[in-house]
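Below you'll find the structure, written out as structure tokens, and then a few comments.
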Amino acid sequence: MGRPLKFNIFRYNPEDPASVPHMESFHLEETDAMTLYIALNRIREEQDPTLMFDFMCRAGICGSCAMMINGRPDLACHTKTKALPAEINLMPLPVFKLIGDLSVDTGTWFRNMNERVRSYIHTDKVFDPNADEERMSNELADEIYELERCIECGCCVAACGKANMVPNFMGATAFNRVARFMMDPRDQRKTDDYFEIVATDDGIFGCLGLLGCEDVCPKDIPLQDQLGMLRRKMGWASVRHLFDKILPGGDAKKK
């Protein structure tokens, strides 16, 4: 006989005027290799078909099932119940718009974020379908791929103290995207171009440095390294901008 589990789940449907935010408890018997994804599907199929939560791949790739699990952002599909106490509290991710119960709208947030950081290769080259592909070293390709592994689950955003306080804060996932394009030799933007994007209080200079983002990233992306790199580059760029204002015309270099 498996361990009895108690799930305290946040319930609220913003589209229903009669709905009020509350916690509702469900009980299940634990089975071998049970994940929260399995448990939630059982609850919806066996106890309450109105329970709202998101899922798609079940393999930790799509990022849809991210939620607060006992106060910590994580993916339901790769969180096994045996790693948790017998009483489990499930809440929706903060920061994002609530759709209902455990379901939040991460898509709109990430679309806006990618638009803000201009998340695409910037080049003035004319595309030639017959030309050979632009090549790079295997080492550089691996470094870029390391940052491309982000699944946009929103865990880092939910764990960010600044994002929870300031709605317009870009967050670690945005800085990770910027770092990815700064690394790409096909992107023709200069440091000053990136400065205009992220060198604000809503950007890299607004980061509190608590590193909750890296602590909860389910893909173990080295977000701390990207934050440090961006702060160094944007810091030096801000110094140059300051001297350009004080000593216009390049006089700063002479002195």
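Of all residues in segment 53-88, those that are part of a strand (DSSP E or B), crowded, with 17+ Cβ neighbours inside 10 Å and more than 14 Å from the chain's Cα centre (by Cα) total 2.
Each row is one residue, and each column tells you yes or no for (1) under 24 Å from CYS156 (Cβ atoms); (2) among the hydroxyl-bearing types (Ser, Thr, Tyr); (3) touching a residue at least 60 places away in the same chain (Cβ under 8 Å); (4) in contact with a helix residue (DSSP H, G or I) (Cβ under 6 Å, 6 or more places away or on another chain).
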position: GLU30; (1), (2), (3), (4): no, no, no, yes
position: MET34; (1), (2), (3), (4): no, no, no, yes
position: GLU45; (1), (2), (3), (4): no, no, no, no
position: CYS57; (1), (2), (3), (4): yes, no, no, no
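Would you confirm whether any residue within segment 39-48 is polar (S, T, N, Q), buried (at least 17 other Cβ atoms within 10 Å of the Cβ), under 26 Å from the mean Cα position of the chain (by Cα) and outside the structural domain of CYS155 (by TED's automatic domain parsing)? Within segment 39-48, none of the residues are polar (S, T, N, Q), buried (at least 17 other Cβ atoms within 10 Å of the Cβ), under 26 Å from the mean Cα position of the chain (by Cα) and outside the structural domain of CYS155 (by TED's automatic domain parsing).
Going residue by residue through segment 76-94, is there one that turns out to be farther than 19 Å from THR35 by Cα and β-branched (Val, Ile, Thr)? No, there is no match, as no residue in segment 76-94 is farther than 19 Å from THR35 by Cα and β-branched (Val, Ile, Thr).
Just checking, how many residues over segment 66-116 are of a type in the set (Lys, Arg) and touching a residue at least 40 places away in the same chain (Cβ under 8 Å)?
Going through segment 66-116, the residues of a type in the set (Lys, Arg) turn out to be 72, 80, 82, 97, 111, 116.
Narrowing the set further to residues that are touching a residue at least 40 places away in the same chain (Cβ under 8 Å) leaves 72, 80, 82, 116.
Of the residues in segment 66-116, 4 are of a type in the set (Lys, Arg) and touching a residue at least 40 places away in the same chain (Cβ under 8 Å).
Scanning segment 130-148 for residues that are part of a loop (DSSP other than H, G, I, E, B) and surrounded by fewer than 13 Cβ atoms within 10 Å (Cβ to Cβ) returns ASN130, ALA131, ASP132, GLU133, GLU134, ARG135, SER137.
Comparison of PHE181, PHE169, PHE127, PHE175 shows that the only residue that is outside any helix (DSSP H, G or I), within 19 Å of LEU230 (Cα to Cα) and not assigned by TED's automatic domain parsing to the domain that holds ASP54 is PHE169.
The values are calculated or read from the model by the stated rules, or taken from the named source; none is laboratory data. All values derive from a computational prediction rather than experimental measurement. FYI the Cβ positions are ideal-geometry reconstructions off the backbone, even for glycines, and counts take in every protein chain you see.
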